[in-house]
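All remarks here apply to the structure that follows.
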Amino acid sequence: MKITDLKFLAIALLTVTFSFTLNSCSDDDDDKKGEEVNYTLSLASEDDALLELPTDQLVDTVVHITTNAPAELIKVEAVENNGSWCTAKVLNNTTISVKAGIHTESDDRTATFKITVPGAEPVEFTITQLGTDTQNTITLSGVPMENNMYTYTTPYKDGAPFSFVIKTNAGRWNMTVEDWNDPEDGTYTPWYSINKTSGRSGETVEIKFTQANETSMMRNITLNISAGTAEPVSISIMQNPMPATEITVWDANWETTIANNTLLSFNASDISTSRVEYGIDANGSIDVAICTAGTSNPITEEESWLNASYGIYGNVVISPKSANTTGADRKLDVVLKGGDVELFRIPVVQKAN
């Protein structure tokens, strides 16, 4: 075979190979073009379906979406927007930005927008901007109320997280924390953590209790919640102190210790002004219960002829509510407890008249 024939054969083989490669790549591209991508679309939070803005909205609001479509395929358009007072645009494939100016009219105004991606069910969200005559409100759900005050108490340790929902017709709510336990000297570590201190209506606040209260005093914080022109709302969050395991009882002058089960006696004519005080030295908190004599069965305040209370200065004060006119001695026991454990007992008698 001539050398020229060999060159011709080599060139022919290269041409066939290159042609096969091109055809293969072309076939692969055709297959990819033929594949259909199933795009999905939803609001990241259903709370974004209905948003309320204050009259003086000066910052953009965002609506979060969940989709596997690229940003260039996402469209947002107005369904209702009288006066075009509100605009919406796609920032990326997770965020829609909504802009509204100051509203000076008395009535609320509303705009609805539709978000679409190819092949997916559209989703809508509605923006309401409050008019100047609309009063902002704040409501809480999940917070116990006691004596017309929002309050929550957690055990001294191992307290479960506490959560509640804030609802408002203002654009956002804000929360400040008052903590009188903080000496503000840089050494304080809070005994709680809060997941958010601002947000929109319908969002949940969660408080975790990160430290046991190993003191003898209740500790607390106050959460102050505000939103637009609404009347602020406060919540008192308290943590019980550690129950005492040891106790020493002193006379009122803190000079002589009192033995357990030492009898306290009142005259028949003694009334609430006839107070007897005991000093209390304990390694934790104590509770005071008034029990049927010789038992651990507590009685209610209404059933008791006796007053007994534990003061903030570490003293127990005991007094009869009234003179004894029954014609017979009457007896009760004042029981000092650390949690559910009895630590000390003071038998009390009021003599017959």
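Here is a yes/no grid of residues against (1) closer than 21 Å to residue 198 by Cα; (2) exposed (fewer than 15 other Cβ atoms within 10 Å of the Cβ); (3) assigned by the TED database to the domain that holds residue 339; (4) more than 35 Å from the chain's Cα centre (by Cα):
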{"site": "221", "(1), (2), (3), (4)": "yes, no, no, no"}
{"site": "226", "(1), (2), (3), (4)": "yes, no, no, no"}
{"site": "230", "(1), (2), (3), (4)": "yes, no, no, no"}
{"site": "235", "(1), (2), (3), (4)": "yes, no, no, no"}
{"site": "253", "(1), (2), (3), (4)": "no, yes, yes, yes"}
{"site": "258", "(1), (2), (3), (4)": "no, no, yes, yes"}
{"site": "261", "(1), (2), (3), (4)": "no, yes, yes, yes"}
{"site": "267", "(1), (2), (3), (4)": "no, yes, yes, yes"}
{"site": "270", "(1), (2), (3), (4)": "no, no, yes, yes"}
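For segment 75-94, a tally of residues being over 16 Å from residue 122 (Cβ atoms) and surrounded by fewer than 16 Cβ atoms within 10 Å (Cβ to Cβ) returns 7. Please determine, by comparing only the residues of segment 22-74 that are open to solvent by 40 Å² or more (accessible area, probe 1.4 Å) and assigned to a strand (DSSP E or B), which one is modelled with the lowest pLDDT. Checked segment 22-74; the qualifying residue modelled with the lowest pLDDT is 52.
Against the condition in a strand (DSSP E or B) and open to solvent by less than 50 Å² (accessible area, probe 1.4 Å), how does residue 248 come out, does it pass? Considered against the rule, which asks whether it is in a strand (DSSP E or B) and open to solvent by less than 50 Å² (accessible area, probe 1.4 Å), residue 248 comes out as no.
With respect to the stated conditions, residue 80 is among the acidic types (Asp, Glu) and within 25 Å of residue 168 (Cα to Cα).
Please go through segment 102-119 and give me each residue that is more than 17 Å from residue 63 (Cα to Cα) and open to solvent by 20 Å² or more (accessible area, probe 1.4 Å), ordered by number. Once the filter is applied, which keeps residues that are more than 17 Å from residue 63 (Cα to Cα) and open to solvent by 20 Å² or more (accessible area, probe 1.4 Å), segment 102-119 yields 102, 104, 105, 106, 107, 108, 109, 118, 119. The set of residues in segment 197-228 being out of contact with any Asp or Glu (no Cβ under 9 Å at 6 or more places or on another chain) and part of a loop (DSSP other than H, G, I, E, B) consists of 197, 210, 211, 213, 214, 215, 216, 217, 218, 227. Of all residues in segment 179-197, those satisfying the criterion of being over 13 Å from residue 154 (Cα atoms) and surrounded by 13 or more Cβ atoms within 10 Å (Cβ to Cβ) are 179, 181, 182, 190, 194, 195, 197. For segment 121-141, a residue qualifies if it is more than 19 Å from residue 78 (Cβ to Cβ) and open to solvent by 10 Å² or more (accessible area, probe 1.4 Å), and the qualifying residues are 132, 133, 134, 135, 136, 137, 138, 139, 140, 141. Per the conditions (1) at pLDDT 95 or above; (2) out of contact with any Phe, Trp or Tyr (no Cβ under 7 Å at 6 or more places or on another chain); (3) open to solvent by 30 Å² or more (accessible area, probe 1.4 Å), the sole criterion not satisfied by residue 334 is (3). Pairs meeting the criteria (first residue in segment 82-103 and at pLDDT 90 or above, second residue in a loop (DSSP other than H, G, I, E, B) and of a type in the set (D, E, K, R), beta carbons under 8 Å, at least 6 apart or on different chains) are 97/60; 98/60; 99/60.
The values are calculated or read from the model by the stated rules, or taken from the named source; none is laboratory data. What you are looking at is a predicted structure, and each value in this text was computed from that prediction instead of being measured. In this analysis, Cβ positions are derived from the backbone assuming ideal geometry, glycine residues included, and neighbour counts consider all displayed protein chains. Note: accessible area is taken over every heavy atom of the protein model, side chains too, but ligands, DNA and RNA are not part of it. Shrake-Rupley method; radii C 1.70, N 1.55, O 1.52, S 1.80 Å.
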